[in-house]
Amino acid sequence: QWAEPRVCSRRYLRVDFADIGWNEWIVLPKSFDAYYCAGECEFPMPKVVRPSNHATIQSIVRAVGIVPGIPEPCCVPDKMNSLGVLFLDENRDVVLKVYPNMSVETCACR
Amino acid sequence: DPPEPAPPAPAARPAAARTPRGALGDAASALGLGAPDAAAAHMLRLYDKYGRRGARPGGGNTVRSFRARLDTVDQRPAYVFNLTSLQDSEVILSATFHLYMEPHWPRAREEPCRQRVRSTFCHLPPPGPPARRHLLFRSIAQNTAAQGLLRGALALAPPLRGLWQARDISPIVRAARQAGELLLWAQLDPAGGAPGAAGPSAPLPYLLVYADDLAIAEPNSVAGTLQRYDPLPAADPEPHAADNGSADPRVRRASQAPGPLQDNELPGLHERPGRVPPARQPPRPRHELWRGPLGALKPRPGRRERRRKGPDAPAASRVLDFDEQTMRKARRR
């Protein structure tokens, strides 16, 4: 925890399907690296957090404080990767599906 | 990129890295998919090939395997494939039929002839290559006694040695699916004799259907296919929420949309905070919070109930599902 940066960034998360009870029908993978995004999108946002133009404006408006109640932009997944999952269907036939957006590659302030 | 905390050692692998053969075997055996299950073995190989990032099996995102069940149709053995697990959102790209064939060439008969030249048996002219046999594909809807329409035929040439043959049967599967006849059965033509193209100990054939699931890009699609229970079942006080039996694992959002359906407005979309006094909004039960305003997770029937229904259960209705309260009123009436 001490090593984690405060700024919006990708954090490590390994998901084991057994932990969420899906291991009964998922054959492979047993687990995968999902990652997640966390951290602050404070003004001024560095380029490294890839702020959208909207996020930049929102951040400025929040910093100026003219409009009350405007939160910081959110730290969310930017680029994501798909994941092939091999599972058993209702008839116990094997199915392979490639699900999009299953793991985070980069995070951004949006 | 911002600095990223160093993950533990396994993180060095991509999300779905190449899987070692041993791991595939372990996974297969753990799920009872032993070596005789050729379909499972083929799927494990496909996973190994396409499970990595960005790879699209057959140009789509889904591959379904269907193992044959040996049955009797019209007093003759047939291979039956139950395709009912195909989803409406899955566009079939191609379908391959995989059949193990044993050699039927007369090599075995020729050997004794060379040794016993004078034998009567050996005066017979040497037999030529065996005649081609045809595998006829028919399709029927579930719970139909009819024989079904002939959807196509495959000419089978016996191989020189026992091996698996893969044949493209995309038009057959597409036509059957289009007709809503999701029980496909394959039978040798009457002149073919034996039930299968191989001996009784030979592995059963299987189908692979490559499809593009158009619904996979929808929000929550992973739960629609992989989540098979309501994660908050105890918090559901309404009896109707757990009584919507259907073999379809997909989430049917339209069927459970609250409110009148006269307009096309999404509930709560244009509501501004503060417009409705909070007192008029009753606290939402946990299961509704899970479902969210746009989509409802369809509760699945219990495992035991599903098993009881079996493959012969009537197909899920394609009309709108009414909520249980409406159905109860209707029954009372």
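Taking the conditions exactly as written (of a type in the set (Gly, Ala, Ser), over 30 Å from B:ASN82 (Cβ atoms) and out of contact with any His (no Cβ under 7 Å at 6 or more places or on another chain)), does A:SER103 satisfy them or not?
Taking the combined requirement at face value, the residue satisfies it.
Report the residue count in the range B:63-78 for those that are in a strand (DSSP E or B) and either basic (Lys, Arg) or more than 7 Å from every other protein chain (Cβ to nearest Cβ) (or both). Result for the range B:63-78: 10.
Given the condition under 30 Å from B:ASP213 (Cα atoms), part of a loop (DSSP other than H, G, I, E, B) and at pLDDT below 75, answer yes or no: does some residue in the range B:95-102 qualify? So far as the range B:95-102 goes, no, none of its residues is under 30 Å from B:ASP213 (Cα atoms), part of a loop (DSSP other than H, G, I, E, B) and at pLDDT below 75. Screening A:VAL61 against (1) out of contact with any Phe, Trp or Tyr (no Cβ under 6 Å at 6 or more places or on another chain); (2) surrounded by 19 or more Cβ atoms within 10 Å (Cβ to Cβ) leaves a single unmet condition, (2).
Flag set for B:ASP212, criterion: assigned to a strand (DSSP E or B) and either at pLDDT 60 or above or not basic (Lys, Arg) (or both).
Taken together, B:ALA108, B:ALA17, B:ALA28 contain a single residue that is over 21 Å from B:LEU207 (Cα atoms), facing chain A (nearest Cβ under 10 Å) and modelled with pLDDT under 90, which is B:ALA17. Counted as qualifying within the range A:4-110 are the strands (runs of 3 or more DSSP E) with 2 or more residues that are touching a strand residue (DSSP E or B) at 6+ places or on another chain (Cβ under 7 Å) and within 7 Å of chain B (Cβ to nearest Cβ), namely A:9-11, A:26-28, A:31-33, A:80-88, A:94-104.
Annotation note: of B:ALA55, B:ALA41, the sole residue that is within 14 Å of another protein chain (Cβ to nearest Cβ), under 14 Å from B:TYR206 (Cα atoms) and not aromatic (Phe, Trp, Tyr) is B:ALA41. Among the conditions (1) closer than 23 Å to B:GLY58 by Cα; (2) surrounded by fewer than 19 Cβ atoms within 10 Å (Cβ to Cβ), the only one that A:SER82 does not satisfy is (2). For the range B:172-184, the count of residues that are acidic (Asp, Glu), at pLDDT 90 or above and surrounded by 15 or more Cβ atoms within 10 Å (Cβ to Cβ) is zero. Applying the condition of being within 30 Å of A:ASN91 (Cα to Cα) and surrounded by fewer than 14 Cβ atoms within 10 Å (Cβ to Cβ) to the range A:1-30 and asking which residue is modelled with the highest pLDDT yields A:ASP16.
The values are calculated or read from the model by the stated rules, or taken from the named source; none is laboratory data. Keep in mind it's a predicted model, so treat the numbers as computed, not measured. We place every Cβ from the backbone using ideal geometry, glycine too, and count neighbours over all the protein chains shown.
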